[in-house]
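Below is one structure; the comments refer to it alone.
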Amino acid sequence: MAIKKLNNILPMKNIPDQISDIKEKLPDLTPTPPGLKAQASSHDLKARLDWGEPGLTIIDARDFESFTKSHITGAVMMPMDEVVERAKSSLEPIRDIYIYGENDQQTAEAANLLRAAGFQKVAELKGGIPAWKAIDGPIDGALEHDTPGPDAYNVFSRLQHHAQAQKINK
């Protein structure tokens, strides 16, 4: 009898309505990838790559020799004098682009060339290869694949170094 009275006072909701009510009360916890900044740090790019499917292109605006010696894994070589032509022939103007050169000045120059050519989402990777190496970002190239050091396969040591590099660079 008490249950009948309770049902009359508080009408029972069906399960889908209850779920909907609960969802409305919860905060939006949908994870989103880090956004693109006009001037990005190595940490910004690494966070984006760690996200999984980042939907971006990394452009190395240095010359062929520098690129073959060492470059960010996955980077596309587009030398400074060809960067606009190559980008226009292979990338959409709305594509997220991270670009780096020999130094921050060359990086800014290459980024400005792309922006002037109509590319809307261009991030200058500050510090270039040295900054990328400092956070243990993946590197390819002839100089990078010689004999591994003593802790090359020590995952714990590499994770500690990465954590320390993040603290220093924040």
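The values are calculated or read from the model by the stated rules, or taken from the named source; none is laboratory data. Small disclaimer: the values here were computed from a predicted structure and weren't measured. Please note: Cβ atoms are built from the backbone with ideal geometry, for glycine as well, and neighbour counts cover all protein chains shown. Each accessible area value is taken on the protein alone, full model and side chains, heavy atoms only, with ligands, DNA and RNA left out. Shrake-Rupley method; radii C 1.70, N 1.55, O 1.52, S 1.80 Å.
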Quiz prompt | Estimated FRET transfer efficiency when R0 is 25 angstrom, pair A108-A47 (beta carbons, to 0.05) | solution = 0.70
Quiz item: Which length gain, in nm to one decimal place, applies between I15 and S157 when the Cα-Cα distance is subtracted from 0.36 nm times their residue separation?
Solution: 46.1 nm
Quiz item: Averaged per residue, what accessible area in Å² does the range 91-133 show with a 1.4 Å probe, protein chains only?
Solution: 45 Å²
